[in-house]
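Report on one structure; see the data block that follows.
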Amino acid sequence: MSLYLNYEKNDKIYTLVNKLKEYLDLIKTEINLPKAWIKKNSLEIEIKKSFIRGLLRYSQTSLKLSEVIKDKFIETYPEKKNIEWISLPYPMVHLPNDMSEDGGFHNDGPQKDFFTCWVPVTNYEYKALSIFNYQNVLIDKISSVILKSGLAKFFSKKLDVNQGNIFFWNAKRIHKGNINTSNNTAVAIQLKLTSNIYEF
């Protein structure tokens, strides 16, 4: 179960995410967020993005979204009853050509019972995620070699995503977020689900 990516459209999550997007649009207008990322203005842009992340993360809609996502995880993976802790949503704000968001291929850690949830808040007009095509016990053990060698980019699939999709993957899954090649700001939230408090 934990070796595979899982995603679907969820109506309850879509409703909450759409409400979060309305709040996002209001904030963007109020703080005059630039329409594209420019290196010379990167400090100003990062400050404004941090402001957006803080307001979205601690909104009542985000708190409700955490509850709904946790319920969906339990429904999807009933055998993972030990996963009892979920983080607050962490918004990721990607302006067009936003080079500060280029994290490269990675995994989220070596933990056994540790999952990432990723949910688009906006509609994505580009392939938002690249996911390594394979995962098994052997791949997990040599993942550092795969990452250092650059092989991940040759054996990964770029995914189309839509507002309200919900993705789950375990911590060892190799993946990356892709640079925003569209003309519009794209926002997603991620959450961590674990059997222990995720202090980081």
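Within segment 102-116, the set of residues being open to solvent by less than 70 Å² (accessible area, probe 1.4 Å), under 17 Å from residue 131 (Cβ atoms) and either without any contact (Cβ under 8 Å) to a residue 24 or more places away in the chain or out of contact with any Asp or Glu (no Cβ under 9 Å at 6 or more places or on another chain) (or both) comprises 103, 104, 105, 106, 108, 109.
The single condition among (1) at pLDDT below 90; (2) among the aliphatic types (A, V, I, L, M); (3) outside any loop (DSSP other than H, G, I, E, B) that residue 92 does not meet is (1). Checked against the criteria, residue 97 counts as outside any helix (DSSP H, G or I) and either open to solvent by 60 Å² or more (accessible area, probe 1.4 Å) or of a type in the set (S, T, N, Q) (or both). Residues of segment 30-70 that are free of Cβ contacts under 8 Å to residues at least 24 places away in the same chain and in contact with a Lys or Arg (Cβ under 9 Å, 6 or more places away or on another chain): 31, 32, 48. Of all residues in segment 53-89, those satisfying the criterion of being of a type in the set (Lys, Arg) and either outside any loop (DSSP other than H, G, I, E, B) or open to solvent by less than 60 Å² (accessible area, probe 1.4 Å) (or both) are 53, 57, 64, 70, 72, 80.
The values are calculated or read from the model by the stated rules, or taken from the named source; none is laboratory data. All values derive from a computational prediction rather than experimental measurement. Cβ atoms come from the backbone with ideal geometry, glycine included; neighbour counts cover every protein chain shown. For the accessible areas, the whole protein counts, side chains as well, though only heavy atoms, and no ligand, DNA or RNA atoms are used. Shrake-Rupley method; radii C 1.70, N 1.55, O 1.52, S 1.80 Å.
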